[in-house]
Amino acid sequence: MKLPYDALSVLQRSTEARPFAPVHELVRKAYRGPLRALAREALAVATGERRFDLVVRHSAVAGAGFNAFGSDIDLTVVFDDAFSLERSDRMVLAYERLRRVFPPLGELEIFSRPEWERLSELWREHGAVLRLIRDLKKIRWMEWKLVPGLHEYHRYKVKSAIRRLLVELEGEAPALDAIPDSGAFSFLRDGFERRLRETVPVFEIPGSPSFAFRSHELDATICGGCADAPEGALVLPRASALALAALLPSHHDEDQSLLGSLGAVRADERFRRSHAAALSLELLYANAAPRVHPASRERVYMWIENLEGQLRRYSPDPAAVEALLSALNRHPAPKRGADNPAHGC
């Protein structure tokens with residue numbers, strides 16, 4: 001089904017005024033109610049699966065920024081029992097076919113019931129920390145979509161999403177036409193640092209140097225007290241930059257001069273719960289990635305092992321770590337060079 005993007009672009013922009021709010025709310029409720037139920041039934045018929053829930057995520061739930069002509073409906077499949085990659089493959093294939101019929105369907109996630117319960121618990125107990133990390137990462141995820149030749153409808157959607165994230169993190173944001181295709185982190189300054197300090201402990205580490213660290217997690221440079229920051233860097237005072245860098249999972253590629261300071265922050269009792277929550281969230285999503293991203297199947301298992309090691313080292317609650325690990329619906333690592341099943345698209 002080919003969408004008339006030129007017409008949707010006009011509708012998206014022209015209905016952002018307050019008088020159209022009831023229209024957007026009506027569609028949002030339909031996404032959460034009857035359309036979600038129809039999508040679930042269609043997936044059940046296509047796959048033969050019956051023991052699963054279909055959960056609506058993001059703006060269709062929260063309402064903020066939802067636009068009937070511009071917002072997708074992101075969904076999560078929650079299997080009631082343990083499942084194999086073959087079963088998740090069938091679900092993804094059925095979902096992609098359903099998207100051809102109903103293009104507003106957005107990104108799909110797949111979890112087991114125990115995983116979903118752990119994920120929900122993390123968000124309830126550590127929502128502020130996890131939202132901060134998610135929103136930062138999402139800025140770069142959105143920027144990746146701004147490729148040459150992208151239709152104006154999609155470009156406007158992406159830039160609007162970036163602007164909403166900047167407002168959430170900084171408290172303000174420039175006009176859409178002032179936001180570049182890359183480097184939006186440069187707009188995060190005093191407002192973001194206040195948000196960071198309200199969310200996680202920020203403290204000085206004696207002898208910690210100024211630094212510019214290329215973060216794999218953010219796909220950007222974090223600058224802590226450095227004089228010459230590269231374009232698009234996230235520039236913060238040294239202690240705040242160190243707290244942010246320490247909060248994120250390590251790829252073991254940090255500069256040697258920074259390792260001691262990061263380790264000191266991560267080992268501090270004031271910081272360990274926030275860091276463990278961030279690691280736990282990343283582990284749950286890493287374990288789920290092969291279900292919807294077949295290309296990740298060969299490389300994700302080393303990352304999962306890395307995350308488990310960091311959790312065991314830094315978490316203040318070993319019992320909680322073991323409970324999380326036992327809740328994971330694990331999939332056997334593929335043999336190196338083995339063919340992976342591809343999803344239909």
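Placing a label point 7 Å from the Cα of residue 267 along the Cα-to-Cβ direction, the residues of segment 239-254 whose backbone N falls under 19 Å from that point are 242-254. Electrostatic tally near residue 315: other residues with Cβ closer than 14 Å to its Cβ, Lys and Arg +1, Asp and Glu -1, net -1.
The count of lysine pairs in the chain with alpha-carbon distances below 18 Å, taking only pairs 8 or more places apart or on different chains, stands at 8. Once C-alpha pairs closer than 8 Å and six or more residues apart are averaged by separation and normalised to the residue number of the chain, the relative contact order reads 15 percent.
What whole number of Å gives the distance from the Cα centroid of segment 71-100 to the Cα centroid of segment 168-208? What the calculation gives is 35 Å, centre to centre.
So what is the calculated 222 nm ellipticity per residue for the chain, using -39500 (n - 2.57) for each DSSP H run with n of 4 or more, over all residues, to the nearest 500 deg cm²/dmol?
After summing the helix terms and dividing by residue count, I get -17500 deg cm²/dmol.
Among bridges DSSP assigns within segment 196-345, what percent are antiparallel (round to 5)? The answer is about 60 percent antiparallel.
Counting Lys +1, Arg +1, Asp -1, Glu -1, what net charge surrounds residue 268 among other residues with beta carbon under 14 Å of its beta carbon?
Details: positive: 266, 270, 272, 273, 313; negative: 204, 269.
So the surrounding residues net to +3.
Each Lys and Arg adds +1 at its Cβ and each Asp and Glu adds -1 at its Cβ; summed about the Cα centre, the chain shows a dipole of about 860 debye. For segment 266-332 versus segment 1-46, the spacing of their alpha-carbon centroids is 35 Å.
Simple rule: put +1 on each Lys or Arg Cβ and -1 on each Asp or Glu Cβ in segment 188-256, find the dipole, and look at 242, 208, 191; the Cα lying farthest toward the positive end is 191. The residues 89, 72, when put in order of fewest to most other Cβ atoms within 10 Å, stand as 72, 89. Between residue 326 and residue 131, the modelled labels are 3.2 nm apart [label points 7 Å from Cα along Cα→Cβ].
Summing +1 for each Lys or Arg and -1 for each Asp or Glu, what net charge is found among the other residues whose Cβ lies under 12 Å from the Cβ of residue 303? Numbers along the way, then the final one.
Working: positive: 297, 299; negative: 217, 282, 298, 305, 308.
Every neighbour counted, the sum reads -3.
Read-outs throughout are calculated quantities, based only on the coordinates presented, and are distinct from any laboratory measurement. The shown structure was predicted, so the numbers you read here are calculated from the model rather than taken from an experiment. Heads up, the Cβs are rebuilt from the backbone with ideal geometry, glycines too, and the neighbour counts pull from every protein chain shown.
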